[in-house]
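Every read-out reported here was derived from the displayed coordinates using simple, explicitly stated rules and does not represent laboratory data. These figures come from a predicted structure and were not determined experimentally. Neighbour counts run over all protein chains shown; Cβ positions are idealised from the backbone, glycine included.
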Amino acid sequence: MRKSTPIFALTLLLAPALAAAQETTLRIVSAFPENSIYVKRLENWIERLNADGKGSLQLNFIGGPKAIPTFEVGKSIQSGVVDMGMSTGAFYTNVFPESDALKLTQMPVAEQRKNGALDYINKVWHEKGNMHYLARVVEHQPFHLYLNKEIAKPDLKGLKIRITPVYRDFFGAMGATLMQTAPAEVYTALERGVVDGYGWPVGGIFDFNWQEKTKYRVDPGFYDAEVSLLINLKKWNSLSAKQRQFLQQQALNLEGRNDFWKAYAQEEVKRQAAAGIKAISFDAATSKAYVAQAYETGWAGVIKASPQHGPAMQKLFTKK
């Protein structure tokens, strides 16, 4: 008579295989280079998530633009070439134009979760991008215009300025000649005199050594830099409820540490001054008009590109 294997023993033998079968690994990429502060914080977050998610959910960081070019990350998430990505809305306007509106939010993401803005974002991201918006992991970072030539007023006529969609409408309205490049190409463009300046948040220029080719920062800043975690919608829906809850909570944990960026902004201003970058400031009335023009041209561009969603997003994103 054949001896049967006790059920308990069989369960022990199969346990590792069952655990492996239940664990899901997601491939994640960054639109920013690996040496940027954004990616350094992302990698620390992934390490913590993988430690807590053993047996359930793991993330495999594929890399930055060397893996997938900056402006192709959005399409790669949309199509499912990768499962997740860290990017900013301006980098995937080639998927849907509404993504550029994220720069125009005038309240913290915590407030956006309360006033319905995040719900509306996911409505649009689901319908037009096949993406689920998990969390905003960079905020409190105003954008600035950086130059190699001094200006006395907000007039960029005769200047060649590197842009992404973030700055196109605003810098164009000031008369600049616009040139779009990925971040990795900016240093060479500055070095060769291809551009006279560029737009970037208050923090991060040292990640690319741009301070070596930058003489001025124009104050005040405008908009609020946004970098977020996104996941392919089909992949999101394929996860178990427990996995979705775990991933969302982990993303919210990172989002909850966004106050880091406030201190970082102050430190970067000091660091820029120490590197010899001079601040160009206008009088109070001119500064107010400068910022107002940034938002007016920004929203005009979004609404022109998306008359369906632009007005609703403006209402939700604008501080009362």
Provide the descending list of Cα extents for the range 247-293 along its principal axes, expressed in whole angstroms. 46, 30, 12
For S287 and Q249, what is the calculated FRET efficiency with R₀ set at 41 Å and r taken between the beta-carbons, to the nearest 0.05? 0.50
So what is the relative contact order for the chain, in percent, with contacts set as C-alpha pairs under 8 Å and at least six apart? 23
Distance cut-off 25 Å, Cα to Cα: go down the list K278/K304; K103/K242; K54/K128; K160/K215; K153/K320 and report the pairs above it. K278/K304; K103/K242; K54/K128; K153/K320
When the expected Rg is taken as 2.2 N^0.38 Å, what fraction or multiple of it is the alpha-carbon Rg of the range 196-320? 1.38
If I model a spin label at K123 and A300 as a point 7 Å from the Cα along the Cα→Cβ vector, what separation in nanometres do I get? 2.7
Eigenvalues of the alpha-carbon gyration tensor of the range 144-264, times 5 and square-rooted, give semi-axes in Å, largest first, of 36, 16, 14
Sites T177 and A51, calculated FRET efficiency, Cβ-Cβ separation with R0 45 Å, nearest 0.05: 0.35
Ranked output for segments 204-217, 68-81, 304-317 by mean other Cβ atoms within 10 Å, highest leading, reads 68-81, 204-217, 304-317
